[in-house]
1. Among the residues of region 74-127, write down those that are among the hydroxyl-bearing types (Ser, Thr, Tyr) and part of a loop (DSSP other than H, G, I, E, B).
2. Looking only at region 132-170, which residues are among the β-branched types (Val, Ile, Thr), within 17 Å of SER193 (Cβ to Cβ) and either within 19 Å of the chain's Cα centre (by Cα) or at pLDDT 85 or above (or both)?
3. Got a number for residues in region 203-229 being within 17 Å of the chain's Cα centre (by Cα) and assigned to a loop (DSSP other than H, G, I, E, B)?
4. Identify the residue in region 82-102 that is farther than 25 Å from ALA245 by Cα and out of contact with any strand residue (DSSP E or B) (no Cβ under 7 Å at 6 or more places or on another chain) and, among all such residues, is surrounded by the fewest Cβ atoms within 10 Å (Cβ to Cβ).
5. Residues ALA250, ALA233, ALA245, ALA258: which one is free of Cβ contacts under 8 Å to residues at least 60 places away in the same chain and of a type in the set (Gly, Ala, Ser)?
6. Being of a type outside the set (Asp, Glu), touching a residue at least 60 places away in the same chain (Cβ under 8 Å) and outside any strand (DSSP E or B) narrows it down to one residue among THR200, THR177; which is it?
7. So, in region 256-295, exactly how many residues are charged (D, E, K, R), touching a helix residue (DSSP H, G or I) at 6+ places or on another chain (Cβ under 6 Å) and not in a helix (DSSP H, G or I)?
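The values are calculated or read from the model by the stated rules, or taken from the named source; none is laboratory data. Keep in mind the model is a prediction, meaning the values are calculated, not measured. Note that each Cβ is placed from the backbone with ideal geometry, even for glycine, and that neighbours are counted across all protein chains shown.
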Amino acid sequence: MRQGQETLTGNRDREEKALAKARKEEPMNTRITIAGVEFKNPVMTASGTFGSGMEYSEFVDLNRLGAVVTKGVANVPWSGNPTPRIAEVYGGMLNAIGLQNPGIDVFCSRDIPFLEQFDTRIIVNVCGKTVEDYVEVVERLGDYASVSMLEINVSCPNVKEGAIAFGQKADALYHITEEIKKHAKQPIIMKLSPNVTDITEMARAAEAAGADALSLINTITGMKIDIHRRTFALANKTGGLSGPAIKPIAVRMVYQTAQAVKIPIIGMGGIATAEDAIEFLLAGACAVSIGAMNFVNPYTTEEVVAGIEAYMDRYGVEDINDLIGAVK
């Protein structure tokens, strides 16, 4: 009897070791899904910091990224703000580019065909000055099956409301989200501004209007003054602050939003390393976008992809989805 028990125990030990070996040899899962769209990993580019992919393709293997999120695209070409438009500050940068872009015609003829060469998702950031502007671009992009999702930049000035950004009033955000959903063939991501009193109010408004996902945070309004010339560092006087300085604010807002809504969140704001990206995942984001650091180190996106995989291996995380919202 005792010999039989020892045989059973030995068999069980061998089975457990075989299972452990199989689990170890099985590749970790870095895939995530947003609104029915599957991504090979959660690392994306932040709009306005990566061009439309072509500009960084000699530094970064775009096939390694979960998605390329393009620079904002409008229905007509935008020249942007007067120069100077960029200023370095502690822990980041200010920019007042003004969403300069060549317009939807050039984008469709040049940038989409370029991105279609790569094994990565294409997310197009859409901007406009009226709801009708947004809708025009959204309808054009509906003809492209290769475009997986649309990210709607609601930090644009609403010219019909005295240049108040669409994303700064809950009712305006609800209205534009609802209207775009009526015309969009792809799932839409509403990109939220942090320049509000309560980020959760804005998140709930977008969700109620039918948004498929949220991305946050956009830049924080800031200012820099050149004390030697006694002038504003930016011709626009104010600009959007991005970079590591805003990361603690961004992580807090992502966490708050994750507690307030049920739709997926793409987190961004000051991500420089894989450790930064993992913070956002633990706070409740299911994906991350890397922005200002692309200007500092053009290899950042690929390094973050590799760093997340190394973290998962180190801590025995088999499925990246187990990290989402796992902060205790």
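1. Those that are among the hydroxyl-bearing types (Ser, Thr, Tyr) and part of a loop (DSSP other than H, G, I, E, B): SER79, THR83, TYR90, THR120.
2. Those that are among the β-branched types (Val, Ile, Thr), within 17 Å of SER193 (Cβ to Cβ) and either within 19 Å of the chain's Cα centre (by Cα) or at pLDDT 85 or above (or both): ILE152, VAL154.
3. 5
4. Of everything passing the filter in region 82-102, PRO82 is surrounded by the fewest Cβ atoms within 10 Å (Cβ to Cβ).
5. Working: ALA233 fails: free of Cβ contacts under 8 Å to residues at least 60 places away in the same chain; ALA245 fails: free of Cβ contacts under 8 Å to residues at least 60 places away in the same chain; ALA258 fails: free of Cβ contacts under 8 Å to residues at least 60 places away in the same chain.
Only one candidate passes the filter, namely ALA250.
6. THR200 is the lone residue from the list that is of a type outside the set (Asp, Glu), touching a residue at least 60 places away in the same chain (Cβ under 8 Å) and outside any strand (DSSP E or B).
7. 0
Conditions (1) in contact with a Cys (Cβ under 6 Å, 6 or more places away or on another chain); (2) crowded, with 19+ Cβ neighbours inside 10 Å; (3) of a type in the set (Lys, Arg); (4) at pLDDT below 95, marked per residue:
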{"site": "CYS286", "(1), (2), (3), (4)": "no, yes, no, no"}
{"site": "SER289", "(1), (2), (3), (4)": "no, yes, no, no"}
{"site": "THR300", "(1), (2), (3), (4)": "no, yes, no, no"}
{"site": "VAL305", "(1), (2), (3), (4)": "no, yes, no, no"}
{"site": "ILE308", "(1), (2), (3), (4)": "no, yes, no, no"}
{"site": "ARG314", "(1), (2), (3), (4)": "no, no, yes, no"}
{"site": "VAL317", "(1), (2), (3), (4)": "no, yes, no, no"}
{"site": "GLY325", "(1), (2), (3), (4)": "no, no, no, no"}
